[in-house]
Amino acid sequence: MNQPVPPPVPEKGLIARAIGIITSPKATYEAVVRSPRPFGILLLCAVIIGLAQTIPQLTERGRQAALELQVQQSERWSGKPVTDEQYRAMEQWGRIGAYVGGVFVLVGLTIWCLLQTAIYWAVFNALLGGTATFKQVLAVVNHSLVIGALGLVISAPIMLYQGTMSVGGPFNFGALMPMLDEGGFLARFLGIVNVFTIWGLIVLAIGLGVLYRRKTANIAIALFLAFGMIGVAFIAATNR
């Protein structure tokens with residue numbers, strides 16, 4: 001007697017996948033790996049991130065907070081105070097950037113995701129013998145953006161209300177240790193790490209674990225170490 005053929009598992013739509021990454025990442029990634037669709041989720045996250053960054057800058061309070069952050073970062077990179085001419089140029093660009101920032105977000109996210117995908121594909125396929133396609137890895141990476149987009153949606157109105165902006169946002173770990181010297185290395189490092197950064201790395205580890213059938217914990221540890229080294233290098237480069 002012929003066994004009944006189970007019905008095919010329906011594919012998850014774009015919004016269902018976005019919600020699933022937040023509520024049930026492993027099951028969602030199993031569907032993503034089965035049917036990789038990396039570009040719709042990238043566009044959705046770019047739109048959300050672009051709006052979260054742009055809308056506050058349409059207000060005077062938001063523009064001023066963004067300008068102060070830009071000045072602070074510029075002075076840390078150069079080790080020199082911003083001149084009046086540079087300040088006016090930043091101020092002018094801030095007014096223009098509020099309207100074209102979304103385009104830069106999409107381009108920047110695309111490049112960043114492609115770079116990450118190339119690294120993970122090379123490590124897991126070339127070095128560890130994996131067989132995943134580049135498109136599958138790209139889909140895993142792009143879907144992990146959902147957590148960062150969620151973080152910005154929650155953080156943007158808080159920063160606008162406070163009238164200040166920071167790289168790590170209001171949920172950074174530096175805020176949990178006010179006793180640290182604000183200009184010290186540890187305080188600055190903790191200031192760029194937030195709850196959504198950690199959550200996003202864990203979700204990415206889950207996705208790569210599903211794709212390559214490896215332990216999530218081992219991948220997460222490797223991602224945390226890589227993030228830590230990049231963070232230390234960034235702080236060291238701007239420690240002027």
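The values are calculated or read from the model by the stated rules, or taken from the named source; none is laboratory data. Only a predicted model underlies this, so the values are computations on that prediction, with no experimental measurement involved. Here the Cβ is made from the backbone with ideal geometry for all residues, glycine too, and neighbour counts use every protein chain on show. Note: areas computed on protein heavy atoms with side chains; ligands, DNA, RNA excluded. Shrake-Rupley method; radii C 1.70, N 1.55, O 1.52, S 1.80 Å.
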For this session: Kindly state which helices (runs of 4 or more DSSP H) lie completely within region 19-129 and contain at least 2 residues that are acidic (Asp, Glu), loosely packed, with under 13 Cβ neighbours inside 10 Å and without any contact (Cβ under 8 Å) to a residue 12 or more places away in the chain.
Result: 84-121
Problem set entry | Only one of Gln53, Gln72 that is in contact with a helix residue (DSSP H, G or I) (Cβ under 7 Å, 6 or more places away or on another chain), under 20 Å from Ile192 (Cβ atoms) and not aliphatic (A, V, I, L, M) | Gln53
Seminar exercise, completed: Those residues of region 161-210 which are hydroxyl-bearing (Ser, Thr, Tyr) and within 16 Å of Phe224 (Cα to Cα) amount to Thr197
Problem set entry | Test: Gly148 is touching a Lys or Arg at 6+ places or on another chain (Cβ under 7 Å) and in contact (Cβ under 8 Å) with a residue 60 or more places away in the chain | no
Exercise. Considering region 171-221 alone, what residues qualify as being surrounded by 19 or more Cβ atoms within 10 Å (Cβ to Cβ) and of a type outside the set (A, V, I, L, M, F, W, C)?
Worked result: Asn172, Gly174, Arg188, Gly191, Asn194, Thr197, Gly200, Gly207, Gly209, Tyr212
For this session: Identify the residue in region 131-161 that is more than 14 Å from the chain's Cα centre (by Cα) and within 17 Å of Leu204 (Cα to Cα) and, among all such residues, is most open to solvent (accessible area, probe 1.4 Å).
Result: Lys135
